[in-house]
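Report on one structure; see the data block that follows.
No value in this document is a laboratory result; all are computed from the given coordinates. All of these numbers come straight from a predicted model, not from anything done at the bench. Here Cβ is always computed from backbone atoms with ideal geometry, including for glycine, and neighbour counts include all displayed protein chains.
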Protein chains: 2
Amino acid sequence: MTDIAMIKAARDRIGNHARRTPLLSSPFLDEIAGRRLFVKAECLQLTGSFKFRGAWSAISALDEETRGKGVIAFSSGNHAQGVALAARMHGIPAVIIMPSDAPNLKIENTRAYGAEVVLYDRQNEDRDAIGERLSAERNLTLIRPFDEPHVVAGQGTVGLELAEQADEHGIARAEVLVPCGGGGLTAGIALALEAEAPGLVVRPCEPDGFDDTARSLAAGRIERNAAMGGSICDAILTPSPGHVTFPITSRLCGPGLVVSDDEAARAMVLAFTRLKIVVEPGAAVALAAALFRQKEIMGDAVIAVASGGNVDPGFFSETLRRYR
Amino acid sequence: MTDIAMIKAARDRIGNHARRTPLLSSPFLDEIAGRRLFVKAECLQLTGSFKFRGAWSAISALDEETRGKGVIAFSSGNHAQGVALAARMHGIPAVIIMPSDAPNLKIENTRAYGAEVVLYDRQNEDRDAIGERLSAERNLTLIRPFDEPHVVAGQGTVGLELAEQADEHGIARAEVLVPCGGGGLTAGIALALEAEAPGLVVRPCEPDGFDDTARSLAAGRIERNAAMGGSICDAILTPSPGHVTFPITSRLCGPGLVVSDDEAARAMVLAFTRLKIVVEPGAAVALAAALFRQKEIMGDAVIAVASGGNVDPGFFSETLRRYR
């Protein structure tokens, strides 16, 4: 199980290979939020999302012989790109299994980061069977997107940075809002802050209809979402909290916050106009909660993690046009 | 005249009031540029542009009694916002004189940063006369946008950070491409690098038709632009290099680089897709030169300064739609 020692070890293995992302703010956003608001701009991370940290952590934790044979991942999104680049920087092969109807840009990017992309037909092929066959044939190690202790440890390095940055800004107590899919980032940050900045309390943020973590925290047991799609927040639509992550989030996190797709879109536009960063919809739910759920938040200061920026230019253009 | 001691003194006065902006990169941009490409994301600075640094430097350099009476500036753009916020953070009044046909958003933002905005009619009123009257009545100090040694010193703090960041990345020799209007940022960075990282050579970047600095450097004397408008790169359309800045840039800078509006727009879109930052057209000319003028650039690495991100959402949306 991930603990603070694993997170610090992950930070040491990551070293300068990942970026220490800045903590941004704007008086205009403070005014909307009704308190001081800080945004951890993890969209500026390599590959455009925090997923690179977890991928690097998991790959670098493998013994050299195992690692040399290569890694495999299932993903059509940010995890794919994180694993692909971390593998290339380690000089090892990566196979990424993606649905053949994934956006072309994501497939191209994953290939451009040096991975071998294996496409499968969602209707007629069994993704897991393809993965098992390839793993067995080539002795590839599976890198899971969140339910894996070393991945959680890598995401926890965001929390180590936040503890330092909050201290630099004189913030001793605040809620830390984190976009939550399977809970890898949420759990990692919560563990890091428990040890390094106990006055900072994590609250998971999710879109309407995909509030499995909020409901699971309230119920004290893992609950599932009814739907698998239909929100613009594609990066964080997972069926349920993970078995590695939920025990951590249920022990450490405050109640979940839930925002609408419309609020996530408005937060994207405000991040554009006020912070000059590009945030994808799923990564904007924490900023949306900070801006539009102020009565559900405690304290004079709040920190929102903007966890990624991999958004289609056409969609972003249309969102800017509609919400400016 | 600005020198390295003034730049270091400006840095000490600025302290933690301005942001140390990150140096970003992407393997996709390296590939287009044909070399390692680093982008100094000064669009993430407070008020969305480097102008905040120069404004803070000039205001903080005033003696306390003079400063307490307040400052005045002429600007419809980034300098207005920089002076307004720096004045507010010093707890002093600021008057910003803006044309009445300036974009509403810029007027509103400048007011929201706490400045008193005085509008004038470009056709029927004399801006300078209004400024002189107000200054005399209230003993306000004029903060010039570039042709002022303390402003150049403030912009030079970008160069101090670049010297450190280049060293962290192991870059001893590179060209540093800087968007150039009146030359305050260009001159400040050039002075800082001369002292702190002499292997880094500044090259001013301008849009087609507004290459006054490139022509002035080639001619060895100040030359003027024929037109005053007609490029999307509004932030850097100045009539000619300054009398404070030109002696510095002519002594220290390499030849100017000139890009088209179309190339600046394509660079904006690539900064969006590959770096997840918002860059305004005038601030994208250096990145455009790094990407699309590679034969005119020397060395294995190049650094481009992205100097601001204050771009109208409608224009950005349309640019994304057109160039994605």
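Once the Cα atoms of the protein assembly as shown are picked out, what are the Rg and Dmax in Å?
Over the protein assembly as shown's Cα set, Rg and Dmax evaluate to 25.0, 84 Å.
Full extension from A:Asp3 to A:Arg111: what is 0.36 nm times the residue separation minus their Cα-Cα distance, to one decimal in nm?
35.5 nm
How many nanometers, to one decimal and shortest first, lie between the label point of A:Ala136 and those of its other copies, if labels sit 7 Å from Cα toward Cβ?
Reported distances to equivalent positions: 9.2 nm.
Comparing B:Ala306, B:Ala190, B:Ala73, which has the greatest mean-square fluctuation in the GNM of chain B with Cα pairs linked when under 10 Å apart?
B:Ala73
Kindly put A:Val178, B:Val39 in sequence by how many other C-beta atoms sit within 10 Å of each C-beta, fewest to most.
Starting with the residue having the fewest Cβ neighbours, the order is B:Val39, A:Val178.
Counting other C-beta atoms within 10 Å, and keeping those with at most 15, which DSSP coil GluC sites (Glu not before Pro) do you find in region A:87-127?
Numbers: sites: A:Glu108, A:Glu116, A:Glu125; in loops: A:Glu125.
Filter output for region A:87-127: A:Glu125.
Taking a label point 7 Å out from Cα toward Cβ, give me the nm distances from A:Glu64 to the same spot in the other copies, shortest first, one decimal.
6.3
Modelling each spin label as a point 7 Å along the Cα-to-Cβ direction, I'd like the A:Ala172/B:Thr66 distance in nm, to one decimal.
4.0 nm
Which values, in whole Å and largest first, are the semi-axes of the equivalent ellipsoid of region B:52-142 obtained as the square root of 5 times each eigenvalue of the Cα gyration tensor?
Sorted largest first and rounded, they come to 21, 16, 9 Å.
For peptide B:42-55, how many partner chain Cβ atoms fall within 10 Å of a residue's Cβ, on average?
Per-residue shielding by partner chains comes out at 2.
In peptide A:26-37, what is the residue-averaged number of other protein chain Cβ atoms found within 10 Å of each Cβ?
Shielding by partners across A:26-37 averages 1.
Can you put B:Phe50, B:Phe315 in order, fewest other beta carbons within 10 Å first?
Ordered from fewest to most neighbouring Cβ atoms within 10 Å, B:Phe50, B:Phe315 come out as B:Phe315, B:Phe50.
Can you list the distances in nanometres, one decimal and ascending, from the B:Glu108 label point to the identical position in each other copy, with the point 7 Å along Cα to Cβ?
3.6
Take A:Arg127, A:Arg221 and order them by how many other Cβ atoms sit within 10 Å, fewest up front.
The fewest-first ordering by Cβ neighbours comes to A:Arg221, A:Arg127.
What's the center-to-center distance, using Cα atoms, between region A:234-255 and region B:266-305 in Å?
39 Å
Listed here are the pairs A:Lys295/B:Lys276; A:Lys51/A:Lys276; A:Lys276/B:Lys51; A:Lys40/B:Lys276; A:Lys106/B:Lys40; B:Lys51/B:Lys106; which of them are more than 19 Å apart at the Cα?
The answer is A:Lys295/B:Lys276; A:Lys51/A:Lys276; A:Lys106/B:Lys40.
Taking the simple approach of a point 7 Å from Cα along Cα-to-Cβ for both A:Ser100 and B:Arg122, what is their distance in nm?
Each label point is offset 7 Å from its Cα along the Cβ direction, giving 5.7 nm.
Considering the rotational relationship between chains A and B, which residue of chain A contributes the beta-carbon of minimal distance to the axis, and what is that distance to the nearest Å?
Taking Cβ atoms only, the nearest residue and its distance are A:Ser317, 2.
What whole-number value in cubic angstrom gives the convex hull volume per residue for the C-alpha atoms of chain A?
Convex hull of Cα atoms, per residue: 121 Å³.
Averaged across the residues of B:310-320, what count of C-beta atoms belonging to other chains lies within 10 Å of each residue's C-beta? Intermediate values should be presented prior to the final figure.
Values: counts 2, 3, 3, 9, 3, 1, 7, 11, 3, 2, 9.
The shielding value for this peptide is 5.
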